[in-house]
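First the structure, in the form of structure tokens, and then the observations on it.
The values are calculated or read from the model by the stated rules, or taken from the named source; none is laboratory data. What you see is a predicted model; the values in this text were computed from it and never measured. No Cβ is skipped: glycine too gets one built from the backbone with ideal geometry, and neighbour counts run over all protein chains shown. Quick note on the areas: whole protein, heavy atoms, side chains included, nothing else; ligands and nucleic acids left out. Shrake-Rupley method; radii C 1.70, N 1.55, O 1.52, S 1.80 Å.
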Amino acid sequence: MSIKKITYKLSFALILAGGMTSCSLDEWNPSTVDVETAYKYKDGFESLINYCYDGLYYFYGKVDGIGAMEMGTDLWTNVGNTESGFILYNSNMNAQLGTLNTIWNGLYSTVNYCNTAVHYATLVQGYTDAERNQKVAEAYFLRGWANWHLVEQFGGVALTTIPSSVSGVISSPTRSSEEQFYDLIIEDLKFAVANLPDKPAGERGRVTKKAAYAMLAKAYLQRTRLGENTQEYAKLALEAAEELINNGAKYGVALYESDNNTRSEERRVGKECWCS
């Protein structure tokens, strides 16, 4: 190689190096911010609350939730799909089934997001106590919702209230009883009932008292199947349901009522036409 070429390449390398060292960028990588800092401010905390809703998609936006809750019952079935395990309740219904994996992971993700929100709620700046309680009540509701589906679908599995950012990976989870699940579910939903707004304020789709009362009534009623204090839990379920029934205008709900008079008239007219 000629001296001229060597001198040219060396000069180019020096220019490149000089250009690289003379450029200074003031960069911020949000992924390096610790969770205490990220959730200390309202924007960060409310983004976390938004993530708590993510698991709803896996139950109501896909067939997976419907399959687990209703397939193979007297509600509906799929005669062309007998291999899923939900139809015949055979050995195909195991932990490797995609539908079960989807709802299992989705529900536990919801629990973890909600645990994180509950854990860090007291650190958030810029809220009054009432505002903070109203916002974190969304996480309490969604944790109760997720745990209710977990215990109803899988029984006494692992119950956790500590976010993974604090506990780290738990490689040997332990089972909790169904009673422990329902104790936490009911307490979470009672907090939601006490602190959520009566009606939506702002964004559509956020949980309000009507959802909390309805879920609480369901939790109390399902709690009776465990055979402990059944009369008391049945009474509490009725009270929660009647709160909605008797105060529909307050919460923006109403019972569906068929028009019995119209149907009677239709039957009468139909009979007259048939006779004539």
In the stretch 156-185, residues that are within 19 Å of TRP145 (Cβ to Cβ), of a type outside the set (A, V, I, L, M) and modelled with pLDDT of 90 or more total 10
Where PHE154 falls short, out of the listed (1) in contact with a Pro (Cβ under 9 Å, 6 or more places away or on another chain); (2) within 25 Å of LEU97 (Cα to Cα)
(1)
Among the residues of the stretch 132-174, write down those that are open to solvent by 20 Å² or more (accessible area, probe 1.4 Å), over 27 Å from ALA217 (Cβ atoms) and not hydrophobic (A, V, I, L, M, F, W, C).
SER164, SER165, SER167, GLY168, SER171, SER172, PRO173, THR174
Counting just the residues of the stretch 34-53 that are of a type in the set (A, V, I, L, M, F, W, C) and modelled with pLDDT of 90 or more, which one comes out surrounded by the most Cβ atoms within 10 Å (Cβ to Cβ)?
CYS52
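Identify all residues within the stretch 113-123 that are surrounded by fewer than 21 Cβ atoms within 10 Å (Cβ to Cβ) and touching a helix residue (DSSP H, G or I) at 6+ places or on another chain (Cβ under 7 Å); write none if there are none. Give the steps one after another, and end with the answer.
Here is the first cut: in the stretch 113-123, the residues surrounded by fewer than 21 Cβ atoms within 10 Å (Cβ to Cβ) are 118-119, 121-123.
The answer is VAL118, HIS119, ALA121, LEU123.
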Test for GLY126: is it under 19 Å from LEU56 (Cα atoms) and exposed (fewer than 14 other Cβ atoms within 10 Å of the Cβ):
no
Inside the stretch 175-210, the number of residues satisfying the requirement of being farther than 18 Å from LEU107 by Cα, open to solvent by less than 80 Å² (accessible area, probe 1.4 Å) and of a type in the set (A, V, I, L, M) is 4
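State yes or no: is ALA249 loosely packed, with under 14 Cβ neighbours inside 10 Å and more than 20 Å from SER177 (Cα to Cα)? Spell out the reasoning first.
Details: loosely packed, with under 14 Cβ neighbours inside 10 Å: yes; more than 20 Å from SER177 (Cα to Cα): yes.
Taking the combined requirement at face value, the residue satisfies it.
Condition check ((1) among the aliphatic types (A, V, I, L, M); (2) at pLDDT below 90; (3) open to solvent by 50 Å² or more (accessible area, probe 1.4 Å); (4) more than 29 Å from TYR213 (Cβ to Cβ)) across all residues:
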| residue | (1), (2), (3), (4) |
| --- | --- |
| GLY55 | no, yes, no, no |
| ILE87 | yes, yes, no, yes |
| ASN94 | no, yes, yes, yes |
| TRP104 | no, yes, yes, no |
The listed residue being free of Cβ contacts under 8 Å to residues at least 60 places away in the same chain, within 17 Å of TRP104 (Cα to Cα) and in contact with a helix residue (DSSP H, G or I) (Cβ under 7 Å, 6 or more places away or on another chain), out of SER164, SER171
SER164
Count of the stretch 175-232 residues which are in contact with an Asp or Glu (Cβ under 7 Å, 6 or more places away or on another chain) and hydroxyl-bearing (Ser, Thr, Tyr):
2
Could you identify the single residue in ALA192, ALA121 that is touching a Phe, Trp or Tyr at 6+ places or on another chain (Cβ under 6 Å) and of a type in the set (Gly, Ala, Ser)?
ALA192
Mind checking which helices (runs of 4 or more DSSP H) fall wholly inside the stretch 134-247 and carry at least 2 residues that are β-branched (Val, Ile, Thr)?
178-195, 230-246
